[in-house]
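A quick write-up on the structure given underneath.
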Amino acid sequence: MTNRQDEFPPAPKLKQNEFANDDTINRSQVVDEAIAFGDRTPLALVIPKFDSVNMLPTPMTYTPPSSQQRSPLGHSLNVPKRRGEVNLLQRFENGSQLRVVSELPPFADPLQKRISSLPTVSETSSTADVERAAPSFNDTESDDDILTGYLLDDLTTPLKWRRVEEIGSGNFSTVYLYHSLRPVDYKFKQVCVKRIKFPKELLDENVRGQILYTDLLSRLESSLTRELAILKSLNHPCIVKLYGVNNPILIESKKPLRNLMLKNKQLPRCDMIMSYCPGGDLLMAAASCNGNLELWLIQRIFAELVIAVQYLHENFVIHRDLKLENVLLKYSLNEIYNMKDSIDFTHKNIIELADFGLCKKIEAGELCTARCGSEDYVSPEILMGVPYDGRLSDTWALGVILYGLLEDRLPFDAPPNSSSRQRNRATSHRIARYDWKWVRLASEDLKAKEIVENTLTRKSHRWDINKIFLSAFVKDTAISLIFQHRNVQQKKKEIE
Ligand SMILES: Nc1ncnc2c1ncn2[C@@H]1O[C@H](COP(=O)(O)OP(=O)(O)OP(=O)(O)O)[C@@H](O)[C@H]1O
């Protein structure tokens, strides 16, 4: 663990060509970012004084998750304000996750030098895709409760599902449970439907057609198509599955939104039909037992999460939004406790990793520059705005998750009994100083602690996912997972 102020990394000197390979930036954006940090050149970014860094440079507006409505806790606490000491239950009740992205600013505002790092999509619109999708697309479905969707392996046969309830809501989507209306393969009977929320600026008729509108739309579109393309390419038991979409054009076209708008003159509905995880998310689960998840369960959940992230990194995909809310449980905690001693407990996965809205396919050795992630989980290098290795930022977030599960609080919240001065210090300030410590586990000798200590540290010392896998806390549990072997066998067969 590094707590000392004198261990700040030196200001990195970056060569110009280190920026050139990242598809998420252009030169003027980097300059904007550097200016926002009070520096004149992007080539030798000076680390800002921490006093002036109390938030990431481009915060998204925050919508409290409506999954709170489904609180399993049945009571509401008098929750302290976000800043200061909070445990996971308060965090859950508070809906306090601020997702911060530089990729999708609410609206590009040149005066305020907002940073927008998504690649500009330059393809010109073609009507061909619209024509192809037109017969099967019904964006004006009169019965809002009925969804017509298409499975990825058969984009021509429409299937129907009925909406049952809303199960969650993030900044960028609303998530529903749907049941199939007709007999289908068992796995498609209950599905989760992630419906994209459009930023309010895109819903404003008066600005339609303006350059900024088109720019925001194309960036949203490239983010959506990237998420779909990557999800489609993934196949791992511990990763949420994309089964289908409400319109084949979302899969078939590189510019589905703009093409659909050419025809329909309105923002189309975009639904991702995905595997459903009835156990809810891990923050909700940890909160429901007052942050007292048993250690064997933390070990099992974390081992599954590690093999999921290892699979992503092996395939050059970085997630960039690993957090408790994005780890979903396939079963309720009660079901898991009941399954624990059954012979086939290791035959089934109990988690699925979700929310690939910020993921990215990278080249070997590629550094990223887009500042994105969720406030409490973001690594210091992302915070500082220097090019970063996305895989190491993912392992930092894994350290935050494991600490949270072990300690019932997140590492960069103000520690219990801290002074009011410490409590007023922003989370980003503590992250930038690697300022965290063990509280509940201070005197415990646990194998899990070495993972946190070797991930919530500077990137030059930080463990990558393979080191986490080989740690004493993870390895044996991960190896005992039978479904994992099946997956490896299947992969071998696919290669043969
Ligand atoms: N497959 C699923 N099964 C069950 N619940 C889900 C599923 N996918 C998402 N949810 C619920 O919906 C919530 C929001 O989903 P998701 O994180 O994908 O949306 P988002 O708009 O990208 O969120 P955020 O702004 O937090 O990144 C999750 O925290 C979870 O509670």
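The values are calculated or read from the model by the stated rules, or taken from the named source; none is laboratory data. Computed from a prediction, not measured in an experiment: that's the story for all the values here. Neighbour counts are summed over all protein chains in view; Cβ atoms, including those assigned to glycine, are modelled from backbone coordinates with ideal geometry. Surface accessibility is based on the protein's heavy atoms, side chains included, excluding ligands, DNA and RNA. Shrake-Rupley method; radii C 1.70, N 1.55, O 1.52, S 1.80 Å.
Numbers below:
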read-out: Relative contact order %, the stretch 282-495, counting alpha carbon pairs below 8 Å whose residues are six or more apart; value: 25 percent
read-out: Check: the stretch 282-495 dipole with +1 on Lys, Arg Cβ and -1 on Asp, Glu Cβ, in debye; value: 360 debye
read-out: Relative contact order [Cα under 8 Å, 6+ residues apart], the stretch 146-275, whole percent; value: 25 percent
read-out: Rg to Rh quotient for the stretch 190-297, alpha carbon positions, Kirkwood Rh; value: 1.10
read-out: Whole-angstrom Cα spans of the stretch 282-495 along principal axes, big to small; value: 54, 41, 29
read-out: R0 of 51 Å, Cβ-Cβ distance Ala229-Ala442: FRET efficiency to nearest 0.05; value: 0.70
read-out: Accessible-area composition of the stretch 146-275, carbon plus sulfur, in percent [1.4 Å probe]; value: 54 percent
read-out: Column: log10 I(q)/I(0), Debye, Cα scatterers of the stretch 263-350, q = 0.13, 0.20, 0.25 Å⁻¹; value: -0.54, -1.05, -1.41
read-out: Burial ranking of peptide ranges 443-451, 158-166, 217-225 (average Cβ count within 10 Å, highest at the top); value: 217-225, 158-166, 443-451
read-out: Added length on full extension, which subtracts the Cα-Cα distance from 0.36 nm per residue, Lys189 to Ser420; value: 78.0 nm
read-out: Solvent-accessible area per residue, Å², over the stretch 363-473 with all protein chains present [probe radius 1.4 Å]; value: 34 Å²
read-out: Computed over the stretch 427-472, the ratio Rg/Rh where both radii use C-alpha atoms and Rh is Kirkwood; value: 1.00
